[in-house]
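Throughout, read-outs are computed from the coordinates displayed, never taken from laboratory work. In this text the structure is predicted, and so the values were computed from the model without any measurement. Backbone-built Cβ (ideal geometry, glycine too); neighbour counts: all protein chains shown.
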Amino acid sequence: MFGLNRVSPFDEFFNFQREVDRLFSQFWTDLPTRTAAERPGSLQVSTSENGWRFDVPLPGIDPQHVNVEVSGSTLSIRAEEPREDNQDVRVTRYEQTLTLPPFLDVDKLSATHRHGLLQLTLPLKESVKPRRIEIAAGDSKQLTAA
């Protein structure tokens, strides 16, 4: 009797367990990308040939309550909103500290805040940027055979 398959009740259980394991591993694999996109204040970095740009979504936070500081190669971003009941007490909403690489020019840091998005632009140092070297053509003396 060819083609007759023996069915075990454990096969169904192990198939179910494999499917649950697959769902859990897919959930945990996708979790960092989903939470980073949904969480306010999740920092996104984009690079170009001129420098780096940091995008920090800070919805509902007034730009006057955002503080950006640079000390050496450390960049600190803090956003605080005053409480409604007592204006003297502040509640920290967002705080991020980054160590910047040495090839970024922190002296030329620029910051803008529009529609709840804080954009920090850090250009590359001039000494790091690629530059084109002109090659001078030298006079070539013609050798004559004697």
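Proximity of backbone amide H atoms, modeled 1.01 Å from N, is registered between Leu118 and Val56, Leu58 at under 5 Å, excluding neighbours fewer than 5 places apart on the same chain. Pairs of alpha carbons in region 41-123 separated by more than 16 Å make up 52% of all such pairs. With a Förster radius of 41 Å applied to the beta-carbon distance between Lys125 and Ser25, the computed FRET efficiency rounds to 0.45.
Between Ala136 and Leu43, the simple spin-label model (points 7 angstrom out along Cα→Cβ) gives 4.6 nm.
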